[in-house]
Amino acid sequence: MTDPVSAAHEELLGRGHPAWMDFPRSSPALLPALSRLAAQRADLDDVVLVGMGGSSLAAEVIASAAGRPLTVLDTTDCGQVEAVLERDPERMLVILSSKSGETIETNSLCRVMIQHLAERLPSDEAARHCVAVTDPGSLLHRIALDRGYAAVLADPSVGGRYSALGPFGLVAGALLGTDVDGLLADSAVIRDELERADNPGRELGSVLAHSALAGRGALVLDVPDPRLSGLGDWIEQLVAESTGKDGRGILPVVGGCDPDGSIRVLLTAGGGIPAVEGVGTLGIHRPLGAQFLLWEYATVIASRILGVNPFDQPNVEESKANTATLLGEGKVDEKPGFTEDAIEVYTAGADLRARTVAGVLSELTERIPAQGYLSVMSYLDRERDAKVAEIGDGLRAQTHWPVTFGWGPRLLHSVGQYHKGGPSGGVFCQITGAVKADIEIPGRPFTLAGLQAAQAGGDRRALLSRGRTVLRLHLRDRESGIEQLVEAVAGARP
């Protein structure tokens, strides 16, 4: 019987292998058209990308690693969206990025941005400010044809999280003037190496999978190299959403200390950054283009060893269905267990007995089982409420087990699959906040704030239905609530 690693290698590089494995060789043909597109819009220097998960994360990494400004709208937070709407539309270039155009966050944000530009620019000019990246024949493709937007079409056989080296990753980089030629050249080098039966991707995937099977299921990603800025978030989605199902999986932890039950990977682009690798640390020193393809290959290897399908995400769909249900009901009706100053504490389903914020957080960390983890999920403004991320560091000081921090709803398209489909040892802290000014969604019966609340509520339902412990902290005033929360976490340390 063929071993799973050899079978996966043949699947990826034998006859009928997936199209994404050939992106290093096929994507260069796309570059001349992207160069012309960039030249025609050289005066539009405020680039905004609307997309979720695999439709936005690689583009965000490519821009960040090159030091180019790219605003990624993968949020339903009104404050974060309003900050974009306040900018000069005459300088704005909006990339609408989605395989289908039907994902509720992307569809809603596309509606908001399309109307925003249509109301503020001459009718014969607005079309030049939008570029669609999508699959042929999709809803978004039809919208682009109807409105006269430029459209870059992707291969419909390639899933979003394996599309870093295709149009979903490259279009924004090309429009921003990054070295996408060099990115693909670096990926072509690793593509040749992966042809060998004994290759670095096979080794990486095998180490990750066997570590998880041995009880070390947390993957700590240490990325000190600015040339790989943001790569940890992209790997998080790729690995968690691909492997976290059927009660198995690998949990990526971006940054932080090395908790019990973890394997650490140090990532640099090679040369110029000291590669300090301790015991139990795996070093991967490759440029960005090579990192993309190496991790995609290795993730499929790891998934096959674990016995899961690396290309589906069944539990992501569950939270989407719950969100739709809550939107249909019109409200999320819950009562707090108690209120402390600016924070309402919701403990239904958590069975936490403390009556202070510091107390319930301490109880929550005590609930983490052996080989488990704590996930903090923040449905707030990633820019103006960024300080809330400090509580991740504070909670890590209270436990030996992994603590992750993520922003909703983007986390629903990454570690959200692992939370519900992976091992059952997770406990969860969800942070929501009051909305000062709501935003209407053209053609929809719900608002952006209503969608954000339904997404948080839908994910809570999905987690609670699996018996997970979920604490929700709602900030009645965001600024004072975050200060109070950070102080509470510091006060809860042993």
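The values are calculated or read from the model by the stated rules, or taken from the named source; none is laboratory data. All of these numbers come straight from a predicted model, not from anything done at the bench. All Cβ positions, even for glycine, are placed from backbone atoms using ideal geometry, and neighbour counts span all protein chains on display. The protein model used for the area step is the full one, side chains on, heavy atoms only, and it has no ligands, DNA or RNA in it. Shrake-Rupley method; radii C 1.70, N 1.55, O 1.52, S 1.80 Å.
From the residues THR404, PRO369, ALA63, which one has its Cα farthest along the dipole of the chain in the positive direction, the dipole being from +1 and -1 charges on Cβ of Lys/Arg and Asp/Glu about the Cα centre?
PRO369
Over the stretch 213-304, with the other protein chains present, what is the accessible area per residue in square angstrom, probe 1.4 angstrom?
Ligands and nucleic acids excluded, the result is 31 Å² per residue.
Send over a whole-number figure in Å² for the accessible area per residue of the stretch 352-446, probe 1.4 Å.
Here the per-residue accessible area is 37 Å².
Please list LEU37, LEU153 from largest to smallest accessible area, probe radius 1.4 Å, with all protein chains kept in place.
Largest accessible area first, the residues go LEU153, LEU37.
Assign unit charges at the C-beta atoms only (+1 for Lys and Arg, -1 for Asp and Glu), then state the dipole size of the chain relative to its Cα centre in Debye, rounded to the nearest 20.
740
By accessible area of protein heavy atoms, probe 1.4 Å, what ranking do LYS436, LYS387 get, highest first?
The ordering from most to least exposed comes out as LYS436, LYS387.
Considering only protein heavy atoms and a 1.4 Å probe, what is the carbon-and-sulfur percentage of the accessible area of the stretch 167-304?
On the stretch 167-304, the fraction of accessible area on carbon and sulfur atoms equals 52 percent.
Between the stretch 164-188 and the stretch 197-237, how far is it from one alpha carbon centroid to the other, in angstrom?
Their Cα centres are 22 Å away from one another.
For a quick check of understanding: with a 1.4 angstrom probe and all protein chains in place, what accessible area in square angstrom does GLU440 have, to the nearest ten?
Its heavy atoms expose roughly 130 Å² to the probe.
What percent do you get for the relative contact order of the stretch 1-104 when only Cα pairs under 8 Å and 6+ apart count?
Here the relative contact order equals 30 percent.
Roughly how many percent of the accessible protein surface of the stretch 16-70 is carbon and sulfur, given a 1.4 Å probe and a whole-percent answer?
Carbon and sulfur together cover 54 percent of it.
Could you check how much of the accessible area of the stretch 347-494 is carbon and sulfur, as a whole percent, using a 1.4 Å probe?
C and S atoms contribute 48 percent here.
Calculate the dipole size of the stretch 158-199 relative to its Cα centre from +1 charges on Lys and Arg beta carbons and -1 charges on Asp and Glu beta carbons; express the result in debye to the nearest 20.
260
With only Lys, Arg, Asp and Glu charged, each at its Cβ (+1 for the first two, -1 for the last two), find how big the charge dipole of the stretch 1-46 is about the Cα centre; round to the nearest 20 debye.
240
Just name one of ALA434, LEU267, GLY349: the one whose Cα is farthest towards the positive end of the charge dipole of the chain (beta-carbon charges, Lys/Arg +1, Asp/Glu -1).
Checking the options against the dipole of the chain, the answer is GLY349.
If you average the sequence gap of Cα pairs under 8 Å that are 6 or more apart and divide by the length of the chain, what percent do you get for the contact order?
The value is 17 percent.
Which ³J(HN,Hα) values, rounded to whole Hz and listed in residue order, are derived for the stretch 407-413 from phi using the Karplus coefficients 6.51, -1.76 and 1.60 in 6.51 cos²θ - 1.76 cosθ + 1.60 with θ = phi - 60°, glycine and proline given as x?
My calculation for the stretch 407-413 gives 9, x, x, 4, 5, 5, 9 Hz in order.
Starting from the Cα gyration tensor of the stretch 86-239, take the square roots of the eigenvalues, sort them a ≥ b ≥ c, and report rounded, prolate or oblate (rounded when a/c is under 1.5, otherwise prolate if a/b is larger than b/c, else oblate).
Verdict is prolate for the stretch 86-239.
Quick one: 3J(HN,Hα) in Hz for the stretch 313-326, Karplus 6.51/-1.76/1.60 with θ = phi - 60°, rounded, Gly and Pro as x.
For the stretch 313-326, the Karplus curve yields 8, x, 7, 5, 5, 5, 5, 4, 5, 4, 4, 4, 4, 5 Hz.
Using a probe radius of 1.4 Å on heavy atoms only, what accessible surface per residue do you get for the stretch 1-158? Whole Å² is fine.
41
Starting from the amide H of VAL253, placed 1.01 Å from N in the peptide plane, find each other amide H under 5 Å away whose residue is 5 or more places distant or on another chain.
LEU219, VAL220, LEU221
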